[in-house]
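A short worksheet on the structure shown next.
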Amino acid sequence: MENWVGKKACILLENDGKDFEKWNMNHAEISTEILAVEEHVGIWVANNTLEFTFKINKEGNPIPEQEQRSEKSSAKVLIPWRFIKGVLVLDDERARVIKSGTIGF
C-alpha cells in the first residue's frame, strides 16, 4: 500500500458515497490521487471539487452574510476503510488527470 501514494486511483465507496455528500464526493465511485495511506485508518485523497462557503476573509475578518459565496476549493480528505468497498490503483503512466476530478483512461 505504501507504493500507492502519488498514484491515480478509482475508489468504490459504501452507501454510494452518501456519507460524503457534503464534500461533493457523493458517488459510488470517485477518481482521485492518493495522498497518503494510513494502514489502520484509511486513505487520504485529493478533492478538487469541494464547494465551500468562507465566513472570514484572508485577513481573518468576518464576511457579512449577504456577501458570503460558495467557492470551489481544493482539500485533502481522509476516507476511513469502513467506507471503502474497493480500490483500483493505476500504475500506467497514461492514467493521469486530464482535467480536475477526471482520470484519463
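Throughout, read-outs are computed from the coordinates displayed, never taken from laboratory work. What you see is a predicted model, and the numbers here were worked out from it, not measured in a lab. Every residue, glycine among them, receives a Cβ derived from its backbone with ideal geometry; neighbour counts consider all protein chains shown.
For residue 50, the amide hydrogen comes within under 5 Å of the amide hydrogens of 73, 75, counting only partners 5 or more places away or on other chains and with H modelled in the peptide plane. Scalar couplings 3J(HN,Hα) for the range 78-89, obtained by applying the Karplus form with A = 6.51, B = -1.76, C = 1.60 to θ = phi - 60°, are 8, 9, x, 3, 5, 9, 10, 7, x, 9, 10, 9 Hz; x denotes Gly and Pro.
With a cap of 14 neighbouring Cβ atoms within 10 Å, and only residues DSSP puts in a loop, list the chymotrypsin sites (Phe, Trp or Tyr not before Pro) found in the range 1-81. It would help to have the intermediate numbers written out before the result.
Numbers: sites: 4, 20, 23, 44, 52, 54, 81; in loops: 54.
Within the range 1-81, the qualifying chymotrypsin sites (Phe, Trp or Tyr not before Pro) (loop, at most 14 other Cβ atoms within 10 Å) are 54.
Computed over neighbours whose Cβ is under 14 Å from that of residue 71, the net charge equals +2, Lys and Arg +1, Asp and Glu -1.
Say the cut-off is 32 Å between C-alpha atoms; which of 8/72; 7/72; 7/55 go over it? Spell out each step's value before the answer.
Values: 8/72 21 Å; 7/72 23 Å; 7/55 34 Å.
From the list (8/72; 7/72; 7/55), the Cα-Cα distance tops 32 Å for 7/55.
Positive-end ranking of 46, 66, 6 along the dipole of the range 1-89, with charges on Cβ about the Cα centre, is headed by 6.
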